[in-house]
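The values are calculated or read from the model by the stated rules, or taken from the named source; none is laboratory data. Values in this document were obtained by computation on a predicted structure and should not be read as measured data. Cβ: placed from backbone, ideal geometry, glycine included. Neighbour counts: every protein chain shown. These area figures cover heavy atoms from the full protein model, side chains too; ligands, DNA and RNA do not enter into them. Shrake-Rupley method; radii C 1.70, N 1.55, O 1.52, S 1.80 Å.
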Amino acid sequence: MRAMPWNWTCLLSHLLMVGMGSSTLLTRQPAPPSQKQRSFVTFQGEPAEGFNHLVVDERTGHIYLGAVNRIYKLSSDLKVLVTHETGPDEDNPKCYPPRIVQTCNEPLTTTNNVNKMLLIDYKENRLIACGSLYQGICKLLRLEDLFKLGEPYHKKEHYLSGVNESGSVFGVIVSYSNLDDKLFIATAVDGKPEYFPTISSRKLTKNSEADGMFAYVFHDEFVASMIKIPSDTFTIIPDFDIYYVYGFSSGNFVYFLTLQPEMVSPPGSTTKEQVYTSKLVRLCKEDTAFNSYVEVPIGCEHSGVEYRLLQAAYLSKAGAMLGRTLGVRPDDDLLFTVFSKGQKRKMKSLDESALCIFILKQINDRIKGRLQSCYRGEGTLDLAWLKVKDIPCSSALLTIDDNFCGLDMNAPLGVSDMVRGIPVFTEDRDRMTSVIAYVYKNHSLAFVGTKSGRLKKMPDTSLCPTLELQMGSQSQATVTLEVLFFSCSSH
């Protein structure tokens, strides 16, 4: 393990998912009398049950836990308040539309419902819980008691994703004071681009049973608030998909962090091989035609080692101390990211990993520069997976500022040059798999979870020793969820 010289303080309470395996455990650590003696309050799920997602109500502290076949509502000290069953049920992933809409000729089997997305809609006091059954339909549950307010399923817009894996869908809610909210949905399509857009914006109606729930924000004969992967793409990369790792909104934009396969020629070789590239995707919140779609490759390098496979990310503010070091304002957005080494192994990533920081404004400046050059007619759209062939940029006389949202030309657009993050910590043996960060008393705090179930606090060598907690072995913990309440210094 190697730590780079950044100033980190000690710990504050927050939530973190770490580890992969077969059983589930939710733990809370009360403030201990010392660092050496720590006891944990635990919540154990059903033996065959896996935890998939977790959200915390910022107003009440209640915890909502998406599991296989269940949604839990827990108190802040991990007592079960309410449960809501979501499965299993008779299904077949080949049934499209699902059998609850029309008769399916495929053989049906008892199928678990894996929670794929869990979001709190604060405006309407409801939980959006989307599962793997029936091509990815969602339930809208009342926050208070998990009563089902709605479960739209009779239109194709209601089927969000046919992928059965947890973590294959990300959603970002854009809220308005006097209009219906929007839900940006990003999902892997698992070879079914004709059924599912890889990214889209949907209506979140006030009425949970409204006919327009999850309808595309805009849709006519030629244009819609979505992007689909063209079928031609699969002739070049048969198993092509876009894997979404994280999503968030900031300013006028919505962002998704992705892993995408692409074919490249190694140096000195005439043949191409498949690698995975980590990319940030950006869209304007108000762009109903998705003309603002831009993607930019991201990665990290330390001591000559390339870290290119994105594992996890978290958006936070810089804070005064780290902001001063980075030359940014305390309230500027930073992306804390975890990458593993190399580009070739998506499912079996190497153990070498790095925690890296991106200044979001620098990424946006890179995107703005690319937009400006393209609208001067320089280069191509450079988005091979979407356009299949190189399409030249078209020249147009216009001013492109920080909030430019595209036209029906030069879109969608790719940035060819990679934006490199700032490495702050590397781990050679126990791969980092998750990260959280936030600001406490002007200091930026970052914690990472590892594949073996350990939780690490990034050390401030002038204040604290490296802090590491063993939360469970790789074979033990499917998802270990930690609520931390301790500190290691008086700073």
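Overview of values
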{"item": "F218 being of a type in the set (F, W, Y) and farther than 20 Å from P261 by Cα", "result": "yes"}
{"item": "V172 being hydrophobic (A, V, I, L, M, F, W, C) and within 20 Å of I199 (Cβ to Cβ)", "result": "yes"}
{"item": "Count of the range 388-400 residues which are open to solvent by 50 Å² or more (accessible area, probe 1.4 Å) and either in contact with an Asp or Glu (Cβ under 6 Å, 6 or more places away or on another chain) or touching a residue at least 24 places away in the same chain (Cβ under 8 Å) (or both)", "result": "1"}
{"item": "Search result, residues across the range 51-73 that are within 19 Å of F170 (Cβ to Cβ) and either outside the structural domain of K148 (by the TED database) or open to solvent by less than 10 Å² (accessible area, probe 1.4 Å) (or both)", "result": "F51, Y64, L65, G66, A67, I71"}
{"item": "Criterion (of a type in the set (D, E, K, R), closer than 27 Å to K156 by Cβ and assigned by the TED database to the domain that holds V163) met by exactly one of D121, D77", "result": "D121"}
{"item": "Residue count for the range 325-355, restricted to those that are among the β-branched types (V, I, T) and in a loop (DSSP other than H, G, I, E, B)", "result": "1"}
{"item": "Condition broken by F218, with the remaining ones in (1) open to solvent by 10 Å² or more (accessible area, probe 1.4 Å); (2) among the aromatic types (F, W, Y); (3) under 28 Å from S349 (Cβ atoms) satisfied", "result": "(3)"}
{"item": "I298 vs. criteria more than 24 Å from V55 (Cα to Cα), touching a strand residue (DSSP E or B) at 6+ places or on another chain (Cβ under 8 Å), open to solvent by 10 Å² or more (accessible area, probe 1.4 Å) and aliphatic (A, V, I, L, M)", "result": "no"}
{"item": "Filter result for T235 (outside the structural domain of N364 (by the TED database), of a type in the set (S, T, N, Q), more than 18 Å from R366 (Cα to Cα) and part of a loop (DSSP other than H, G, I, E, B))", "result": "no"}
{"item": "Test: residue in the range 358-371 that is touching a residue at least 12 places away in the same chain (Cβ under 8 Å) and either among the hydroxyl-bearing types (S, T, Y) or on the phi > 0 side of the Ramachandran plot (or both)", "result": "no"}
{"item": "Odd one out for R420, checked against (1) open to solvent by less than 80 Å² (accessible area, probe 1.4 Å); (2) under 21 Å from the mean Cα position of the chain (by Cα)", "result": "(1)"}
{"item": "Among (1) outside any loop (DSSP other than H, G, I, E, B); (2) within 16 Å of G299 (Cα to Cα); (3) open to solvent by 50 Å² or more (accessible area, probe 1.4 Å), the one test that Q372 misses", "result": "(2)"}
{"item": "Residue match in the range 125-145 (condition: in the same structural domain as R70 (by the TED database), over 18 Å from P88 (Cα atoms) and among the aromatic types (F, W, Y))", "result": "no"}
{"item": "Breaking point among (1) under 26 Å from D331 (Cβ atoms); (2) open to solvent by 10 Å² or more (accessible area, probe 1.4 Å), for L310", "result": "(2)"}
{"item": "R366 being of a type outside the set (S, T, Y), under 20 Å from Y255 (Cα atoms), open to solvent by 50 Å² or more (accessible area, probe 1.4 Å) and not in a loop (DSSP other than H, G, I, E, B)", "result": "yes"}
{"item": "Any hit, the range 201-213, residues being among the hydroxyl-bearing types (S, T, Y), at pLDDT 95 or above, open to solvent by less than 60 Å² (accessible area, probe 1.4 Å) and outside any loop (DSSP other than H, G, I, E, B)", "result": "yes"}
{"item": "Top-ranked residue of the range 252-302 - restricted to ones that are among the small types (G, A, S), in contact (Cβ under 8 Å) with a residue 24 or more places away in the chain and out of contact with any Cys (no Cβ under 7 Å at 6 or more places or on another chain), ranked as farthest from S416 (Cα to Cα)", "result": "A289"}
{"item": "Where D232 falls short, out of the listed (1) open to solvent by 40 Å² or more (accessible area, probe 1.4 Å); (2) without any contact (Cβ under 8 Å) to a residue 60 or more places away in the chain", "result": "(2)"}
{"item": "Residue check, F404 hydrophobic (A, V, I, L, M, F, W, C) and part of a loop (DSSP other than H, G, I, E, B)", "result": "yes"}
{"item": "All strands (runs of 3 or more DSSP E) inside the range 48-158 with 2 or more residues being within 23 Å of I185 (Cα to Cα) and in contact with a Gly (Cβ under 7 Å, 6 or more places away or on another chain)", "result": "51-56, 115-121, 126-131"}
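Residue-by-condition table, conditions (1) open to solvent by 30 Å² or more (accessible area, probe 1.4 Å); (2) among the hydroxyl-bearing types (S, T, Y); (3) within 16 Å of the chain's Cα centre (by Cα); (4) at pLDDT 90 or above:
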position	(1), (2), (3), (4)
L127	no, no, no, yes
I137	no, no, no, yes
D145	yes, no, no, yes
H158	no, no, no, yes
V163	no, no, yes, no
N178	yes, no, no, no
K182	no, no, no, yes
A188	no, no, yes, yes
